[in-house]
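The values are calculated or read from the model by the stated rules, or taken from the named source; none is laboratory data. In this text, all values refer to a predicted model and were calculated from it rather than measured experimentally. A quick note on method: Cβ atoms are made from the backbone with ideal geometry, for glycine too, and the neighbour counts reach across all protein chains shown. To get the accessible areas, we keep the full protein, side chains included, count just its heavy atoms, and leave off ligands, DNA and RNA. Shrake-Rupley method; radii C 1.70, N 1.55, O 1.52, S 1.80 Å.
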Amino acid sequence: MNNYETVFILTPVLSDAQVKEAVEKFKKVLASENAEIVNEENWGLRKLAYPIEKKTTGSYQLLEFKANPETIAVLETQFRRDERIIRFLTFRQDKYALEYAEKRRKLKTSKETGKED
């Protein structure tokens, strides 16, 4: 199993509930392919670098997971079929990207625990 990271942009006209529903759909696709989700982040509504389909903002989502290479084809087919997805990018993490992602997650969790004190 390889480590992968996928970022996808959802159309900005969706409500929070619809965004969560879309993310759950893709998590179920991964689960059905026996992938293990390592991390999930909602980056929120952000301005796009250039207009896509006449939209200037989008809701960014990140999923980090461990899966077999065949799973990526299934996931990306689902991305292409879903009209709520504006853009997506999936890549396999090398050892350096994996180390960086782990450091970023640790930093994020330490900041969150620091806020609670």
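When D16, D82 are compared by accessible area at a 1.4 angstrom probe, the order from most to least is D16, D82.
Estimated purely from DSSP H runs of n ≥ 4, each contributing -39500 (n - 2.57), the mean residue ellipticity at 222 nm for the chain is -15000 deg cm²/dmol once divided by its residues. Please give the FRET efficiency for N34 paired with T113, using the beta carbon to beta carbon distance and R0 = 41 Å, rounded to the nearest 0.05. It comes to 0.85.
Accessible surface ranking for Y4, Y50, 1.4 angstrom probe, highest first: Y50, Y4.
Element breakdown for the chain at a 1.4 angstrom probe: carbon and sulfur atoms account for 50% of the accessible area.
Each Cα pair under 8 Å and six or more residues apart adds its separation to the average, and for the chain the resulting relative contact order is 40 percent. Here the spin labels are modelled as points 7 Å beyond Cα on the Cα-Cβ line, and at E53 and E70 they lie 3.0 nm apart.
Measuring with a 1.4 angstrom probe and ignoring ligands and nucleic acids, K103 comes out at about 140 Å² accessible. Estimated from the Cβ-Cβ distance and a Förster radius of 22 angstrom, the FRET efficiency linking E24 and D82 is about 0.95.
Once the Cα-Cα distance is subtracted from the 0.36 nm per residue extended length, the K95 to A17 segment shows a gain of 24.6 nm. Given a 10 angstrom Cα cut-off, can you work out which residue in E64, E24, E76 is the most mobile in a GNM of the chain? The residue that fluctuates most here is E24.
Protein heavy-atom accessible surface, 1.4 Å probe, per residue over the chain: 66 Å².
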